[in-house]
Amino acid sequence: MKEFKFKIGGTDYLATVEELQGGNMQVTVNGQTYQVEMPQTRACGPRPAMAGAAPVAQAGGPKNVVSELPGTVTEVKVGAGQHVKRGEVLLVIEAMKMANDIVAEVDGTVQRVAVSNGQSVNQGDLLVEMVADVVAAPVAAPAPKAAPAASAPVSAPVAAPAPAAGAKTVTAPLPGSITKVSVKVGDTVAAGDTVLMMEAMKMENSITAEFAGTVKAVLCKEGDQVQSGQALVELS
């Protein structure tokens, strides 16, 4: 423990200083005890973040600097309108025969210096009025592009209508393409009459009725692709 006697503004002070853990001190001035965190300790840099903690953006707004102990201002290093960085020295206060750097806790702009060289201050007195910078929120990462939509499945060929029970049908003898339909519903045909033309293997083929009857339904049209055995014309 150390003991000091000094005079500030014509007033006598008796102070004792006891060092505590973490670089702090317990200061007793004329019987009044204070727990003092030395500004030099705070100026060492930002405190480490807790594991897993997300960084917090510093919002803009007033960030006034006040005195943490009685003393005398010995040097003012900034002026109104000046932009300062976190940790930059704003002014120096002498207390208990020690020079104490008063630093900015955030990036910002000095609005007003409330003290001058040689001025005595008490704990809690306003030293510097500041406005902190506004830290922009981090830009969100662009959303991942949506995966291309899957191609629609190819529809299976629609099956031709099944002939009615007891109906007589003309079927395709082989795969091919219908090039001409020669009959219509209601027509009467005889066995051997051509009912349509079909192209297969680069040849025109006449498709004929195997028996006489009346056309009840035409199950294909020109341009249709048909398979072997597919019903083409229904007779009654």
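Counting only strands (runs of 3 or more DSSP E) that sit completely within the stretch 87-134, those holding 3 or more residues that are under 41 Å from the mean Cα position of the chain (by Cα) and surrounded by 18 or more Cβ atoms within 10 Å (Cβ to Cβ) correspond to 126-132.
Taking L174 as the residue in question, decide whether it is in contact with a strand residue (DSSP E or B) (Cβ under 8 Å, 6 or more places away or on another chain), crowded, with 19+ Cβ neighbours inside 10 Å and touching a residue at least 12 places away in the same chain (Cβ under 8 Å). Give the derivation first.
Working: in contact with a strand residue (DSSP E or B) (Cβ under 8 Å, 6 or more places away or on another chain): yes; crowded, with 19+ Cβ neighbours inside 10 Å: no; touching a residue at least 12 places away in the same chain (Cβ under 8 Å): yes.
It is false that L174 is in contact with a strand residue (DSSP E or B) (Cβ under 8 Å, 6 or more places away or on another chain), crowded, with 19+ Cβ neighbours inside 10 Å and touching a residue at least 12 places away in the same chain (Cβ under 8 Å).
Taken together, the residues in the stretch 66-86 that are in a loop (DSSP other than H, G, I, E, B) and more than 11 Å from N122 (Cα to Cα) amount to 8. Taking the criterion of being buried (at least 16 other Cβ atoms within 10 Å of the Cβ) and outside any loop (DSSP other than H, G, I, E, B), the residues of the stretch 177-199 that qualify are I178, V181, V189, V195, L196, M197, M198.
The set of residues in the stretch 26-39 being modelled with pLDDT of 75 or more and either touching a Pro at 6+ places or on another chain (Cβ under 9 Å) or not in a loop (DSSP other than H, G, I, E, B) (or both) consists of Q26, V27, T28, V29, Q32, T33, Y34.
The values are calculated or read from the model by the stated rules, or taken from the named source; none is laboratory data. Small disclaimer: the values here were computed from a predicted structure and weren't measured. So basically every Cβ, Gly included, is an ideal-geometry build from the backbone, and we count neighbours across all protein chains shown.
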